[in-house]
Amino acid sequence: MSQLIYGTHPVLEALRAMPGEVEVVLIATERGDRARPDEVEALARAHKIRVERLSKRELTRLTDGGVHQGVAIRLRAPSYADFDELARASAQKGKDALLLMLDGIEDPHNLGALCRSASALGAQGVIIGKDRAVGITPTAIKASAGALPGFKVARVTNLSRAIESLRELGFWSVAADMKGERPPEGVDYSTPTLVVVGSEGKGIRRAVLDKCDFKVRIPMVGPISSLNASVAGAILLAEVARQRRQG
């Protein structure tokens, strides 16, 4: 999968928010519409990022015909945290330990938004599966609005086994489930907590759900019967943060 971000505004946002993730800045020799190559190059130089110049035709080919406005950046290959190290580091936070597990999230926008919420609400990291799930992509990074660079994301082969490993470290797991028997506030989050959120369409797989200690259902009072995965995750994380502030 291409690791290119292109277009004036996305490129400038990325250079400001995550310069350490940028491998090279690509600038077309011909100026594009509304392009600001001088500003892009100045930011690249300030962060000591390599700048390459190429023809507009070549940049169009690299971006698959996207509207690049004469500028693009290539990101470094995404780096993932080691699960065991993340689990131990989080557990050391004691009652403030908080991790988010995502089962089958395929939309990079949701992944980015969930990582942003997790980072903002006190989680030490996110755990995702290696199969049938989106990883760290330029779209996910952009959707995280600067949260993903520096935030720990671990990929594991078996989410159920990861829950068991976390339980051994003292974590209680809380799953967002439409059939859950408790509301979010019906769980005590004063111990190390793992929040589990499922995919956009299928929810949490049965094998993973059966490993969770609590299943919580977000009450719905309007005509909509379900929430976007990133919204549901943010609500649960916010409830954890609320209880811990008051406790």
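The values are calculated or read from the model by the stated rules, or taken from the named source; none is laboratory data. These figures come from a predicted structure and were not determined experimentally. Because the Cβ atoms are built from the backbone with ideal geometry, glycine has one as well, and the counts that use them run over all protein chains shown.
Of everything in the stretch 203-216 that is out of contact with any strand residue (DSSP E or B) (no Cβ under 9 Å at 6 or more places or on another chain) and among the charged types (D, E, K, R), the residue that is surrounded by the fewest Cβ atoms within 10 Å (Cβ to Cβ) is R206.
Cβ-Cβ distances below 9 Å connect the following pairs, each with a first residue in the stretch 230-245 that is closer than 8 Å to L121 by Cα, a second residue that is β-branched (V, I, T) and at pLDDT 95 or above, and a separation of six or more residues or different chains: L237/V195. In the condition set (1) part of a loop (DSSP other than H, G, I, E, B); (2) of a type outside the set (S, T, Y); (3) in contact with a Leu (Cβ under 7 Å, 6 or more places away or on another chain); (4) surrounded by 19 or more Cβ atoms within 10 Å (Cβ to Cβ), V197 is compliant with all but (1). For K211, the requirement of being modelled with pLDDT under 95 and basic (K, R) is not met. Being in contact with a Gly (Cβ under 8 Å, 6 or more places away or on another chain) and more than 23 Å from N110 (Cβ to Cβ): is that true of R244 here? Yes, satisfied.
Could you check the stretch 159-186 and list, in sequence order, the residues that are crowded, with 21+ Cβ neighbours inside 10 Å and either in a loop (DSSP other than H, G, I, E, B) or in contact with a Leu (Cβ under 8 Å, 6 or more places away or on another chain) (or both)?
From the stretch 159-186, those crowded, with 21+ Cβ neighbours inside 10 Å are 159, 162-163, 166, 171, 173-177, 184; that's our starting set.
Within the stretch 159-186, I163, L166, F171, S173, V174, A175, A176, D177, P184 qualify.
Of the residues A77, A89, A118, the single one that is in contact (Cβ under 8 Å) with a residue 12 or more places away in the chain, among the small types (G, A, S), out of contact with any Ser or Thr (no Cβ under 6 Å at 6 or more places or on another chain) and over 30 Å from D213 (Cβ atoms) is A77.
Conditions tested, residue by residue: (1) outside the structural domain of L227 (by TED's automatic domain parsing); (2) in contact with a Cys (Cβ under 6 Å, 6 or more places away or on another chain); (3) surrounded by fewer than 20 Cβ atoms within 10 Å (Cβ to Cβ).
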{"residue": "H109", "(1), (2), (3)": "no, no, yes"}
{"residue": "G122", "(1), (2), (3)": "no, no, yes"}
{"residue": "I128", "(1), (2), (3)": "no, no, no"}
{"residue": "I136", "(1), (2), (3)": "no, no, no"}
{"residue": "I141", "(1), (2), (3)": "no, no, no"}
{"residue": "S144", "(1), (2), (3)": "no, yes, no"}
{"residue": "A147", "(1), (2), (3)": "no, yes, no"}
{"residue": "K152", "(1), (2), (3)": "no, no, no"}
{"residue": "T157", "(1), (2), (3)": "no, no, yes"}
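Restricting attention to the stretch 164-181, which residues are among the hydrophobic types (A, V, I, L, M, F, W, C) and under 8 Å from T193 (Cα atoms)?
Selection gives F171, W172, V174.
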